1. At a 1.4 Å probe radius, carbon and sulfur cover how many percent of the accessible area of the chain?
2. Give the lysines reachable from K558 as a straight Cα distance under 16 Å; neighbours fewer than 8 places away on the same chain don't count.
3. Over the chain, average the accessible area per residue using a 1.4 Å probe and give it in Å², no decimals.
4. Round to the nearest 10 and give me the degree value, 0 to 90, for the angle of helix 386-401's Cα axis relative to the longest principal axis of the chain.
5. Could you tell me how many degrees, from 0 to 90 and to the nearest 10, lie between the Cα long axis of helix 499-517 and the main elongation axis, the longest principal axis, of the Cα atoms of the chain?
6. Please figure out what share of the DSSP beta bridges in the range 1-120 is antiparallel and state it in percent, rounded to the nearest 5.
7. Based on the mean of other beta carbon atoms within 10 Å per residue, what is the order of 266-278, 158-170, most packed first?
8. Mean residue ellipticity at 222 nm from the helices of the chain, using -39,500 (n - 2.57) per DSSP H segment of n ≥ 4 over the full residue count, to the nearest 500 deg cm²/dmol?
Amino acid sequence: MILVVENHGFTTRILTHQLGAVHLATATELRGLDLNEYSHVVLGHGTGAMDLQPLRDVPHLPVLAIGASYQQLAAFYGHTETTGAKPVYGQPVVHHHTGGELFVGLAEQVELVSYHAWRLSRLNSERFTIHATDGDDAVLAFSVNGTNHWGLHGDPAALQSVAGHTVIQNFLALGSHATAPVGHITAKTHKPRRYEVFTRTFHGELDTGATFATLQHNSSAAFWLDSASADRGQGNITVLGTNVGELTQTIRWDVTTNELDVLEGTSRQHLTVDVFDYLEEHLWESSAVLDLGGYTGGWVGYLGYEAKQATVPGHQNRWEATTPDAYWIQPQAFLRYDHSDRSTTLVSYHDPALLDTLQAALVFGSDIEGETLERSDIAGQWRLCAAEYVDRVGRIQELLQAGTAAGICLTDTFNMQAAGLDGLALYRRLRTKNPAPYAGYLRFNTFGDDLEVLSASPEKYLSIDPTGTVESKPIKGTVARSADPKQDAAIAQRMAADAKIQSENLMITDLLRDDLASVTVPTTVQVPKLMAVETFATVHQLVTTVTGQLLADTSAVKALKAVFPGGSMTGAPKHVSLEILDALEAGPRGIYSGAMGWIGHRNTAELNVVIRTIVINDGQLSIGAGGAVVVDSDPVAEEQEKHLKARALMDSIAEQL
């Protein structure tokens, strides 16, 4: 068995997939383990400190220390001198090597991606043997004389560490090891209640906006999961529904108190329970499988960013959101519109009479686009002024220079009074100005509150299809479009070739690969599309696709809990980024940066990352925006990017006032 020591890194689980049969332990657990029980030990990259004293007793045990741990291993054996080189994160570093041991069978120069700030220099030849250096003679790989202990600056688990697999195999060849199957904890299977399902289908173009406006009357909660950019080939299915019906459940949750309000039909309850447990245990299904792709019933709603306190072990929120940390509806009846063949399917569980209610709301014809109106002044403000935001970018860069993290996604919040503003009318204007594939509108007035979520999100956070394929599409890289076609194409090409943007995207890709590795079958995590340009109404963005095969008996709810919050909105490593962001940001993010969408039947799901989103809560309007800060960031440009991402939202508000 191979021991892998988790050190708050963000490629550790991908590394375990490469290694095979492993025991994963935390750095604090290392001292309590009998290392003689293991064939190999890998000390993972990360930011935590480790007590390496147990290594004294096993000099012949193959040990590989990666990234930050390579520096800790050298320090343990008495060497602390490092170079003053600029940190390189998410970029390949050329390793000039000796060709032996770890580098057998590789070209004289190999590239491994770096996520560690410091490089060792001037190793004592009586204590260490150098096996690889960079172009400036800093040490990138070494072994400790008289032992089988190795240090490696590069991260062999990173996506673009092209020689990483060979390095790992060479390390395993340094000692014998058994390849026992990897053990996984099997989730308890939940047997949901099942209800008879009734459907009706109509053909013809549906005016989804007008239909929703009619449908949502006389309900205390409603949802519109909107493929607003279907005409661009981005999304096919729009789903509309409310919380009308005796079986329908509406739930609201607070992460600080763990209190959950439940409305089922007309019955109310107040519970103390984890929302993830409730979502899983109370999901019911149909008695027959609907032969439809996508949503066929289940929970629709959101999970706010501060729900991270319930998903990240040991993390405590500094801020408490003014909005509920989760709000979900499990509708008894809803309708689906398929944009590809212009068909509308009405769906009702248990009660066929609810189909009549849905049918009465149908409005056929084209969505009427709102005309451009004169802009009004917006009387609101960001929590951080320009100088304060720039200062915080600089403070993050100091942390990156020190090796505390590799990249951090700093955000800010715009607030204004929204008294008298029609949220649904504003959303219809927003979807016209900035159509997006994972857009949607949620309204909740169920428990005496007044909450609307208007999302024009272009980013898929997590989807799971009936075959168990898991997919995430992180976005890193955003530039404004030009009205001139040639200039517009050139802008997209420059973004795709930008080294800073590429390193941001790769870093989050590796973080997402690692997140998905925790809930997927080993070796199935793949990147079918790396840094592809996707074009939206107002911006070009660089989008990567990460996929994997969900572990057997792992529910969609458990998968969501394991990977939340989305790495594209935190930074890497995630654990460290959350602590830094809580300290530097000026308040809670609330719904922004969370996840919105559905968790459905047959263990399926599709959720967005809540970005490009307006939240209206009890007469207050808020918008979140920000971006990833890396070593090469320009603080002033980062502040300008914040405004770029909020521009379409601001324009919609200015026209609607």
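The values are calculated or read from the model by the stated rules, or taken from the named source; none is laboratory data. Here the structure is a predicted model, which is why all the values come from computation and not from measurement. FYI the Cβ positions are ideal-geometry reconstructions off the backbone, even for glycines, and counts take in every protein chain you see. Ligands, DNA and RNA are excluded from the accessible area calculation, which covers all protein heavy atoms including side chains. Shrake-Rupley method; radii C 1.70, N 1.55, O 1.52, S 1.80 Å.
1. With neighbouring chains kept in place, the figure for the chain is 48 percent.
2. Excluding near neighbours in sequence, the set is K188, K191, K308.
3. I get 38 Å² per residue for this part.
4. 30 degrees
5. Compared with the principal axis, the helix lies near 80 degrees.
6. Counting only bridges with both partners in the range 1-120, antiparallel ones make up about 35 percent.
7. Final packing ranking: 158-170, 266-278.
8. -7000 deg cm²/dmol
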